[in-house]
Structure formats: structure tokens, C-alpha cells
Amino acid sequence: MEFITWEHPMVTESMEMVFSMDVGTTAIAALQLKSIPAGTVIVEFFFAIQCSAPKKLQINRFLPPAPIRLLLDSRGKDLSKVVPHEQLNKLTKHMRKSNRLAILKQIRRELEKMIDIAQSQATSLSQPLMAEAERQVNITIGGELDRLSELKKLNGTIRDEEIHFIENRKTEALKHIANASAELQAIRVLINL
């Protein structure tokens, strides 16, 4: 046990297994706000940009796993700027299990529409993050490529294989970032009583 670090494959794979489980990713709670009509459904979504790239590319340097939070009402309006997550936590109340299942059956279609709306909004919100990641790849790896190309003019020991390796790494990183997508990580359904 003394030789296991946070980077050990057993530790990283165990953490990945825990994070990828569906347990604990959904919740339903009640709100009691007089300013909102009773029966109003508000859903809080958490998305993360998933980029399946080999670890050797170190894509997390350019595209860190930042969460995207959306708080949608039944019309699809985003309220996440109006009601922060911490304030929403203070407003929620526990709901009995028997009530939860009955309510979920009634609002299933509405909830599915809201999930589709949230997915499209999260995709559009992830575009600037992905564009910034591509810019960082061009600055970092592109700068390294330019430096190596200029150095080759002065130093004949720089091989073409080294330059091609950096070019391939840049191309591969840009390709994986372009294929990244916003994936739904967690959802919380809130019903005003």
C-alpha cells in the first residue's frame, strides 16, 4: 500500500469506475415558493465535456473537465444565472418516495423534452470552451512545432521525424477536441408544491 500513489493505474481506474456509475446522478426534490405556481417543474442539469483521447495527448491541459450547469423551467428558459446552485440547495425540501414515483410518471414527457432542450443548450455552451481548447493547442503545440522548425534551420541534428511527431500530435489533439461532446452527468428535478 505504501507504493500506491494517486497516479497508480489501480487508483485511477477505481476512481473512474466510481465516477462513471449512474448511482447518485439523479434526484427529485420539492420547492415551496409562493412566487411560482404550484406544480411548476424546474430541472437542474450538470453536463461535462467528454473527450475520449489517449492519455499521451494530455487533452486535459487544453480542455479541463469543467461542469456546465443549466437550470431550466418548463418553458426551456435558463435560470442558472438567476438562481445559483447554493441558493437552490437552501430552497429544496425532501419529498417522500411514494410521491416521487407518482410525480415522475406524470411529468415524464415534459421531462424528456426538457432533457432535449438542455442537451442542445449545453452543446452550444460547450462550443466556446472547445474553441478555446483548440486555440490553446495551436499556441502550445504549434509554438513547439514552430520552434523546432526554426531550430532545424540552425541545427542539422534535428530530424524530420521529430517535426512530424509534433505535427501528428497537434493534428490528433485537434481531431479529438473537435469530436468532444457535452455529456449529461447529473439531473435534479424540482417540483413546486
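The values are calculated or read from the model by the stated rules, or taken from the named source; none is laboratory data. Since the model is a prediction, treat every value here as computed from it, not as a measurement. Heads up, the Cβs are rebuilt from the backbone with ideal geometry, glycines too, and the neighbour counts pull from every protein chain shown. These accessible areas exclude ligands, DNA and RNA; they are computed on the full protein's heavy atoms, side chains included. Shrake-Rupley method; radii C 1.70, N 1.55, O 1.52, S 1.80 Å.
Taking a cut-off of 20 Å between Cα atoms, list the aspartates and glutamates near K93, but don't count ones fewer than 8 places away on the same chain.
E44, D73
Based on the alpha-carbon gyration tensor of region 73-115 and its eigenvalue square roots a ≥ b ≥ c, which shape applies: rounded if a/c is under 1.5, prolate if not and a/b is larger than b/c, or oblate? Write out the running numbers ahead of the final one.
Values: a/c = 3.98, a/b = 1.22, b/c = 3.27.
Here region 73-115 falls in the oblate category.
Pairs to check: K55/K113; K56/K175; K81/K105; K34/K90; K55/K153; K55/K81. Give those whose C-alpha atoms are more than 25 Å from each other in this structure. Mind showing how you got there, number by number?
On the way: K55/K113 36 Å; K56/K175 14 Å; K81/K105 29 Å; K34/K90 15 Å; K55/K153 32 Å; K55/K81 34 Å.
The answer is K55/K113; K81/K105; K55/K153; K55/K81.
At 1.4 Å probe size, what's the solvent-accessible area of S52? Round to the nearest 10 Å².
110 Å²
Based on DSSP loop calls and a cut-off of at most 10 other Cβ atoms within 10 Å, the longest stretch of the chain free of exposed GluC sites (Glu not before Pro) is what? Walk me through the numbers on the way to the answer.
Details: sites that count: E2, E7.
Longest gap between qualifying sites, sites excluded: 8-193.
Would you please give the FRET efficiency between H94 and E132, computed as 1/(1 + (r/R0)^6) with r the Cβ-Cβ distance and R0 = 35 Å, to the nearest 0.05?
On the way: r = 40 Å, r/R0 = 1.14.
After rounding, the FRET efficiency stands at 0.30.
How far, in degrees from 0 to 90, does helix 9-19 lean away from the longest principal axis of the Cα atoms of the chain, to the nearest 10?
30 degrees
For P(r) over Cα pairs in 10 Å bins from 0, in percent, which listed value, (1) 8, 26, 25, 19, 13, 6, 3, 1; (2) 10, 37, 32, 16, 4, 0; (3) 9, 33, 34, 18, 5, 0, comes from the coordinates shown?
Correct label is (1).
Over the chain, what relative contact order in percent results from Cα pairs under 8 Å that are six or more residues apart? Provide the component values of the computation, followed by the final result.
Working: 219 pairs, mean separation 84.9, N = 193.
Value for the chain: 44 percent.
Quick one: Cα centre-to-centre distance for region 75-105 and region 144-193, in angstrom?
39 Å
Please state the shape class of region 22-122: rounded when a/c is under 1.5, otherwise prolate if a/b exceeds b/c and oblate if not, all from the C-alpha gyration tensor. Could the numbers behind the result be given before it?
Details: a/c = 2.15, a/b = 1.93, b/c = 1.11.
Prolate, because a/c is 1.5 or more and a/b exceeds b/c.
Specify the longest stretch of the chain that does not include any exposed loop site, a site being one of the trypsin sites (Lys or Arg not before Pro) with a non-H, G, I, E, B DSSP assignment and at most 16 other Cβ atoms within 10 Å. Before the final figure, lay out the partial values.
Values: sites that count: K34, R75, K77, K81, R96, R159.
By the stated rule (loop sites, at most 16 other Cβ atoms within 10 Å), 97-158.
Using only Cα atoms, tell me the angle between helix 97-106 and the longest principal axis of the chain; keep it within 0 to 90° and round to the nearest 10.
It is inclined by approximately 80 degrees.
So, with a 1.4 angstrom probe, what is the percent of accessible area on the chain that is carbon and sulfur? Could the numbers behind the result be given before it?
Values: 7470 of 13190 Å².
C and S atoms contribute 57 percent here.
Once you have a ≥ b ≥ c as the square roots of the Cα gyration tensor eigenvalues for region 87-193, tell me rounded if a/c is under 1.5, and otherwise prolate or oblate according to whether a/b is larger than b/c. Don't skip to the answer; put the middle values down first.
Numbers: a/c = 4.89, a/b = 3.97, b/c = 1.23.
Note, shape of region 87-193 comes out prolate.
What is the angle, in °, between the Cα long axis of helix 160-178 and the longest principal axis of the Cα atoms in the chain? Nearest 10 is fine, range 0 to 90.
Relative to the chain, helix 160-178 is tipped by roughly 10 degrees.
Would you mind getting the accessible area per residue of the chain, heavy atoms of the protein chains only, 1.4 Å probe, in Å²? Could the numbers behind the result be given before it?
Details: 13190 Å² over 193 residues.
Heavy-atom accessible area per residue stands at 68 Å².
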